[in-house]
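Enquirer: A single structure is presented below for examination.
Just so you know, all these numbers are worked out from the coordinates, no wet-lab data involved. Remember, it's a predicted structure, so these values are computed and weren't measured experimentally. Here the Cβ positions follow ideal geometry from the backbone for every residue, glycine too, while neighbour counts run over all protein chains shown.
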There are 2 protein chains.
Amino acid sequence: MEKVFTVGIDVGGTTSKFGIVSSEGKILAQDRIPTNKHEDVSEFIDELYNMLMPMIEEAGGSAACRGIGMGAPNGNIYTGNIEFAPNLVWKGIIPIASLIQKKFELPTRLTNDANAAAMGEMMYGCARQMKHFITITLGTGVGSGIVVDGKILVGHDGFAGELGHTIIRPGGRLHKGTGMRGSLEAYASATGVRETAIEMLSVYPELTSLLRDYAIKDLTSETVFNCAMQGDTIANDIFEFTGQILGESLANFIMFSSPEAIVLFGGLTKAGDLLLKPTRKHMEANLLPIFQNKVKLLFSELKEADAAILGASALVNA
Amino acid sequence: MEKVFTVGIDVGGTTSKFGIVSSEGKILAQDRIPTNKHEDVSEFIDELYNMLMPMIEEAGGSAACRGIGMGAPNGNIYTGNIEFAPNLVWKGIIPIASLIQKKFELPTRLTNDANAAAMGEMMYGCARQMKHFITITLGTGVGSGIVVDGKILVGHDGFAGELGHTIIRPGGRLHKGTGMRGSLEAYASATGVRETAIEMLSVYPELTSLLRDYAIKDLTSETVFNCAMQGDTIANDIFEFTGQILGESLANFIMFSSPEAIVLFGGLTKAGDLLLKPTRKHMEANLLPIFQNKVKLLFSELKEADAAILGASALVNA
C-alpha cells in the first residue's frame, strides 16, 4: 500500500479501542484491549504494541503512518500526560504520549477522550461545518467536549470541558468517584439512572412497577428502558427525571457558550425520545428567551467508539 | 489636536456613561446621561449627541475620531442590535449601532455590556496577557464576559456569556425580571443580597441583629456590609450564603472553560474579604482536584465604568 494513514486510540476506563484511519477518515481496521487489567502502564503499552503493530504493518508500515492520536480520560493536550484520572488504574501523572511515541517510534499526541469524540463529530459527524457546539457523552459517566470558533476548548491548562462534574443539585446525590454531591454525572449517566431507579422504587413502595421483578443488581439503564417501553410508570418517571436534570444542565451550558447544537452520544441515548423529550422540555424552560427554540439537540450519527478513534486520529493533523 | 481617539459608550439600565479614549487607552473626558427616562430610543440618541458631540469637537473633531464602540445589555456584536433587553425601557429589537452611526456619521460597533467590560479588563486591567479568563460583574444584576484564547466568547448567535442567568438552585428563588427560579443573579447581586437579608430576618425571628433597626426599604447590600463589619451574625451569614452560591457557580464555570483567573467587578465587591473568603472556599470545595488551587480569584483594578468605556472603545480597533 502507498497511501498514508494515521492511528487513533481511545483509552477508556474498561476497554481501549484503536484503529487505522485513512486520509479520507475511514476506519480501515480496528481492535480493542482491556485497559484496567494492566496495573503497570508499560504492560498496557506492550500489549497495545503487540496488537497494533501488525495492523500498522498491514496498512503499509510505519513509514506510511503519519502518527498516533490518542484520547484518554484526563488526557492533557499541552503535556501529553494522563493526570489523576479517577476511572483508570494508573494513578498520578502518566506521560503516556511520550511512552507510546518511544515504543512505536511514531509522533504521538494526546487529548481528553471527550474532546477526541467532539473532534470526530466535527470532522465526520453531524457537527460538520459547525463552529460552536457541545458534545455530551451519556455513558457509564458523563463526558463532554466543547467547540468554540471551530476549535476544541481546552482552556488555560488543558482541562476545560468537564461538564459531567458541574453541580446541578447542590447538596444532592453523592458521586462516589469524586466525593462531590449533585453533579450532572451523578444523575444523567447509566450509573445515575440505576441509582434513580433504586431511589424511586424505595420512595414509592406502594406503586407497582415491572422494575420490582428485577434483582437490584440487574437494575440497569437498559432494564429501565425496556420497562418504560412497556408503559411502566416508574420507569417513565425515571427518564423524565433524568431528562429534567440533563435539560437544566444543558440550559446552563447554552447560556455559557451559545452553541449552535448540542450533540448527545453514548449508551443512554438508546432511550431515544424517552430521554430526548423531557431533556428538550426542561432545557427550553430554563433558557432566557434570547436562546429559546434556537439550539439544536441532536443524537450523534457516529458510533461512539468510531467518533473517539476518528477524533483522536485527527489530532495528528491538527 | 492632532491625535486620533475613539469614543466608548456604556449603556446601563439606569445610566449611560461615555468617554473620549486616547490611543494609549486613557479616558480624556467622560460624562453620563440617564438611560430609561427616554422611552423612545431616538430621544436618547438626541440627548447623547448633544452631550457627546461637543466632547468630540474638543478632542479634535470627527475627522480625528476613529469611531464609536458601545456596550449595552443584550447588545449583539453580529447585528449591532439591542435585542429584548429586560432591563431597558426599549423593547424588542433596537438597531442602535446603525442609528448612532447615522446620527454621528461615525463608524459604530456594539457588543454586550459585560463583554465590553471584559475587553477593558483584558486590554487595560488585571487580565492583561491572559488568554483565558472570566469577568463577573456583581452589581444590581450579575453580568459576565468570557475570554477564550484571547477573544471574547460570543458563540453562535452573539449572546454567549449570560452566566448570571445560569441556574444554581433549581426551583429556588424567583428572579422577577426573567421569571426563572434559582439563577445566580437571584442571589449574588445587590438585589439578591437584599432579598437574602429579608429572608434571613424573617426565618430567624429569635436572633437579634443590627439589621432589624432598618426599615425594609433601607435594607441594601451596603447596610448589610456595614452591619457585618460591626460583627452582626446575620449580616455575616448573608455574605457567607452569597459567597457559597457564587463559589458553587464559579466552580461550574471553571470546569467549563478552565480559565486562568476570574475577575470580579461591581458594587458587591466592596464587601472585600467578607465576600471573597466564602466564595473562594465554596469554589474550591466544588472543583475536581485537577482544577483546585489553580484559578486566581481577583478583584478588578479598574473602576467598573472605566472598564466598560475602555472596553467598548476597543471594539473600534477590533
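Enquirer: How far apart, in nm, are the 7 Å Cα→Cβ label points at A:ARG128 and B:VAL89?
Expert: 5.3
Enquirer: Continuing with the same structure: Mind giving me the FRET efficiency for A:SER62 and A:LYS296? R0 is 45 Å, r the Cβ-Cβ distance, nearest 0.05 is fine.
Expert: Details: r = 41 Å, r/R0 = 0.92.
Calculated value: 0.60.
Enquirer: Moving on to the next point. Determine the shape class of region B:112-205: with a ≥ b ≥ c the square roots of the Cα gyration tensor eigenvalues, call it rounded for a/c under 1.5, and otherwise prolate if a/b is greater than b/c, oblate otherwise.
Expert: In terms of gyration-tensor shape, prolate.
Enquirer: Between beta-carbons, use under 12 Å as the cut-off and find the net charge around B:GLN129, counting Lys and Arg +1, Asp and Glu -1.
Expert: 0
Enquirer: How crowded by other chains is B:259-271, given as the mean number of beta carbons from other chains within 10 Å of each beta carbon? List each step's numbers first, then the result.
Expert: Working: counts 4, 3, 1, 0, 0, 0, 0, 0, 0, 0, 0, 0, 0.
What the average comes to for B:259-271 is 1.
Enquirer: Here's something else I'd like to know. Quick one: which residues, 5 or more positions from A:HIS156 or on another chain, have an amide H under 5 Å from its amide H? H modelled 1.01 Å from N in the peptide plane, none for Pro or chain starts.
Expert: B:GLU260
Enquirer: Do any GluC sites (Glu not before Pro) in region A:7-98 lie in a DSSP loop with no more than 13 other beta carbon atoms within 10 Å, and if so, which?
Expert: On the way: sites: A:GLU24, A:GLU39, A:GLU43, A:GLU47, A:GLU57, A:GLU58, A:GLU83; in loops: A:GLU24, A:GLU39.
Listed in order of number, the matching sites are A:GLU24, A:GLU39.
Enquirer: Can you give the Rg and Dmax of region A:146-268 based on its C-alpha atoms, in angstrom?
Expert: Radius of gyration, then largest Cα-Cα span, for region A:146-268: 16.4, 52 Å.
Enquirer: Same structure again: Pull up the DSSP beta bridges for chain A and report the antiparallel fraction as a percent, rounded to 5.
Expert: Just about 60 percent of them are antiparallel.
Enquirer: Got a sec? How would A:THR135, A:THR108 order by Cβ neighbour count within 10 Å, fewest to most?
Expert: A:THR108, A:THR135
Enquirer: When the expected Rg is taken as 2.2 N^0.38 Å, what fraction or multiple of it is the alpha-carbon Rg of region A:217-318?
Expert: Values: Rg = 15.7 Å, N = 102, 2.2 N^0.38 = 12.8 Å.
Output field value: 1.23.
Enquirer: What is the Cα coordinate range of the protein assembly as shown on the first, second and third principal axes, sorted by size from largest, in whole angstrom?
Expert: 78, 66, 43
Enquirer: Next question. For chain B, what relative contact order do you get, as a whole percent, if you take Cα pairs closer than 8 Å and at least 6 residues apart?
Expert: Numbers: 667 pairs, mean separation 65.8, N = 318.
Relative contact order here is 21 percent.
Enquirer: Could you grab the relative contact order for region A:128-301? Cα pairs under 8 Å, six or more apart, rounded to a whole percent. Can you show the working numbers first?
Expert: Values: 291 pairs, mean separation 40.7, N = 174.
Relative contact order comes out at 23 percent.
Enquirer: Have a look at chain A and give its Rg and Dmax from the Cα atoms, expressed in angstrom.
Expert: Considering chain A through its Cα atoms, Rg and Dmax are 20.1, 68 Å.
Enquirer: Given R₀ = 30 Å, FRET efficiency for B:ASP213-B:LYS281 by Cβ-Cβ distance, to 0.05?
Expert: Working from the Cβ atoms, E equals 0.50.
Enquirer: Right, next: Averaged across B:244-257, how many Cβ atoms of other chains sit within 10 Å of each residue's Cβ atom?
Expert: The per-residue average across the peptide is 5.
Enquirer: Further question on the same structure: Going by how many other beta carbons lie within 10 Å of each one, how would you line up B:ILE33, A:ILE146, A:ILE82, fewest first? Write out the running numbers ahead of the final one.
Expert: Details: B:ILE33 16, A:ILE146 29, A:ILE82 26.
Taking fewest neighbouring Cβ atoms as first place, the list is B:ILE33, A:ILE82, A:ILE146.
Enquirer: Using a label position 7 Å from Cα in the Cα→Cβ direction, what is the ascending list of nm distances from B:SER22 to the same site in the other copies?
Expert: For B:SER22, the other copies' label points sit at 6.4 nm, shortest first.
Enquirer: Hey, for A:LYS3 with labels 7 Å out along Cα-Cβ, what do the inter-copy distances come to in nm, ordered shortest first?
Expert: In nanometres, ordered from closest: 6.3.
Enquirer: Which whole-number percentage describes the relative contact order of region A:1-87, with Cα contacts under 8 Å and a sequence gap of 6 or more?
Expert: 33
Enquirer: Below 12 angstrom from the Cβ of B:LEU275, what's the summed charge of the other residues (Lys, Arg +1; Asp, Glu -1)?
Expert: Within the 12 Å Cβ shell, the charges total +2.
Enquirer: Computed from the mean reciprocal separation of all distinct C-alpha pairs, what Kirkwood hydrodynamic radius does region B:24-123 have, in Å?
Expert: 14.3
Enquirer: While we're looking at this one, here's another question. Between B:MET53 and B:THR220, what is the spin-label point distance in nm, taking each point 7 Å from the Cα along the Cα→C-beta axis?
Expert: That separation, rounded to one decimal, is 3.6 nm.
Enquirer: Just subtract the alpha-carbon distance of A:GLU43 and A:SER98 from 0.36 nm times their residue separation and send over the number in nm, one decimal. Don't jump to the answer; show the numbers that get you there.
Expert: Working: separation 55, 0.36 × 55 = 19.80 nm, distance 1.51 nm.
My answer for the length gained is 18.3 nm.
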